[in-house]
Amino acid sequence: MGRLFWKCFAATWLTLILAGAATFFGMRLYRLAEDPEHLLMHGPRVGFELDMAKVVLRHAGPKALAHALDETGSSMLVIGPTGLDIRGRVPDAGLAAAALNSSGSSLPDGVVRVDTASGVHTLLIPGAPPSLDPAKGPPPPPPSPGEPLAFALVASVLLSALLAWYLARPVKELRGAFSAMAEGRLDTRVGDAMPRGDEFADLGRSFDRMAEKLQTIILAQRRLLHDVSHELRSPLGRLQVALGIARRDPSRADCVLERMELEVERLSGLIGEILSLTRLNSGVETELAERIDLGELAEGLVHDARFEASGRGCEVRLEELARIHVHGRTRLLSRALENVIRNGLRFSPPGGELTVEVGFSDGWAVIRVCDQGPGIPEKDIAAVFEPFARGRNTGEADGFGLGLAIARGAVELHGGAIEAANREEGGLRVEIRLPSVIP
């Protein structure tokens, strides 16, 4: 058992013992306070009444005592030598006999002998214990306080142990799960081990979400590292080939140098794209957020895209359905939208049309980029925003496959979402949704 178990056990046990002791003594006092017989036989009023009766009896006689008892309404019995009460009442025979026959050294509570000139009088408080009645025998002994205390002790131990186990078990499961994660077992989950509907179950679900997110991130990093190494190997291999050609045939040095310059530019561009994607995924961004007019941002990007599309006879059209503002970083959103537009132009056929729509839907700013290209197979749509994913169905080999991945990172950094879908009339539709700002 761990330290948490023993701490919970000790705290719970001590609390139960204190609560049981307080309840026991409280009930004891309550019963004493509510027991008329106890008050009658042991209360301070009894002693005062007996002392007062002794003084009156010795100095004023039985008649004066009888008058005083009548005036005060006392129920005391004063039995004279003849066995009768001085006020003419007839006491219980057994009770009177027990009081008269008791020795002076063994008088019960509530009984006093007084010697007077007329004889020995016995002062008796009614309601004396049953032991005064010889016919009934001695009263049964009171129950021992050790029995309920022993029962309470055993019950508190069992309950404390059960509660401590209940609290310590999920913590032990979480500790084992964290150790497994630290050892690299990324598929560790604890939700099934804590099926209860309490805070520990919520903590287990939070751990599972964290583990799933970590597993996704780490696996994505591993895949990205693999893809980066593959992408870097190709230009580096071509550079090595170019160096080998230059060594064997110096006359082709100019051609080789141009090829090497092209490969170096490709390497530089690839490294820049990788750094941009890494910064987005890590959340490191120093640009301050500001209020952005999406229509104005899209208009500038469409203007640049028309110049690029003119060489292929394509047309880029902007449809601003509403004037919408968002709160974000201009450079990142511009980069995201530009990558989506350029990706659409890359796969648009000659003479095709690319449409950029800016609208509003259910509190979200929506940007749709629709092309007339060949689209993407349904099985590849889910991976189109992954790093180094390319449109293999088009046969295109240009680009690094990072544009849409960077766009997704920029959009998600702004609390939005991006998705792609094939159009029924042909082509691909990419939709960007961002939280809008109320004007």
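The values are calculated or read from the model by the stated rules, or taken from the named source; none is laboratory data. Keep in mind that what you see is a predicted model, and the values were worked out from it rather than measured. Backbone-built Cβ (ideal geometry, glycine too); neighbour counts: all protein chains shown. Only protein heavy atoms, including side chains, enter the accessible area calculation; ligands, DNA and RNA are left aside. Shrake-Rupley method; radii C 1.70, N 1.55, O 1.52, S 1.80 Å.
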From the options ARG291, ARG306, residue that is free of Cβ contacts under 8 Å to residues at least 60 places away in the same chain, of a type outside the set (S, T, N, Q) and either within 27 Å of SER276 (Cα to Cα) or assigned to a helix (DSSP H, G or I) (or both): ARG306
With the checklist (1) at pLDDT below 90; (2) open to solvent by less than 20 Å² (accessible area, probe 1.4 Å) in hand, flag the one item VAL369 doesn't pass. (1)
Test: ILE432 is farther than 22 Å from LEU297 by Cα, at pLDDT 80 or above and in contact with a strand residue (DSSP E or B) (Cβ under 6 Å, 6 or more places away or on another chain): no
Answer from GLY409, GLY399 - the residue that is surrounded by fewer than 19 Cβ atoms within 10 Å (Cβ to Cβ) and at pLDDT below 90: GLY399
Within region 76-83, can one find any residue that is at pLDDT below 70 and either open to solvent by less than 70 Å² (accessible area, probe 1.4 Å) or closer than 22 Å to PHE48 by Cα (or both)? no
Complete set of residues in region 310-350 that are under 13 Å from ILE367 (Cα atoms), of a type in the set (Asp, Glu) and at pLDDT 85 or above: GLU319, GLU338
Within region 154-204, can you find the residues that are open to solvent by less than 40 Å² (accessible area, probe 1.4 Å), under 17 Å from GLN215 (Cβ atoms) and of a type in the set (S, T, N, Q)? THR188
For LEU186, work out the one condition from (1) among the aliphatic types (A, V, I, L, M); (2) out of contact with any helix residue (DSSP H, G or I) (no Cβ under 7 Å at 6 or more places or on another chain); (3) not in a helix (DSSP H, G or I) it doesn't fulfil. (2)
Answer yes if at least one residue in region 32-46 is at pLDDT below 75, within 30 Å of VAL154 (Cβ to Cβ) and open to solvent by 70 Å² or more (accessible area, probe 1.4 Å), and no otherwise. yes
Could you please give the count of residues in region 215-254 that are among the hydrophobic types (A, V, I, L, M, F, W, C), without any contact (Cβ under 8 Å) to a residue 12 or more places away in the chain and either touching a strand residue (DSSP E or B) at 6+ places or on another chain (Cβ under 8 Å) or open to solvent by 80 Å² or more (accessible area, probe 1.4 Å) (or both)? 2
I'd like to know if region 343-356 contains one or more residues that are touching a Pro at 6+ places or on another chain (Cβ under 9 Å) and open to solvent by less than 10 Å² (accessible area, probe 1.4 Å). no
Quick one: count up the residues across region 172-188 that are more than 11 Å from PHE207 (Cα to Cα), among the hydrophobic types (A, V, I, L, M, F, W, C) and modelled with pLDDT of 85 or more. 2
Scan region 344-354 and tell me whether some residue there is part of a strand (DSSP E or B) and farther than 14 Å from ILE418 by Cα. yes
I'd like the full set of residues that are open to solvent by less than 80 Å² (accessible area, probe 1.4 Å), in contact (Cβ under 8 Å) with a residue 60 or more places away in the chain and farther than 16 Å from LEU277 by Cβ, limited to region 317-332. ILE324, HIS325, VAL326, GLY328
Checking ALA383 against (1) free of Cβ contacts under 8 Å to residues at least 12 places away in the same chain; (2) open to solvent by 50 Å² or more (accessible area, probe 1.4 Å); (3) at negative phi, only one condition comes out false. Which one? (2)
Mind listing just one residue for me: the one in region 210-233 that is small (Gly, Ala, Ser) and within 16 Å of ILE274 (Cα to Cα) and, of those, modelled with the highest pLDDT? SER229
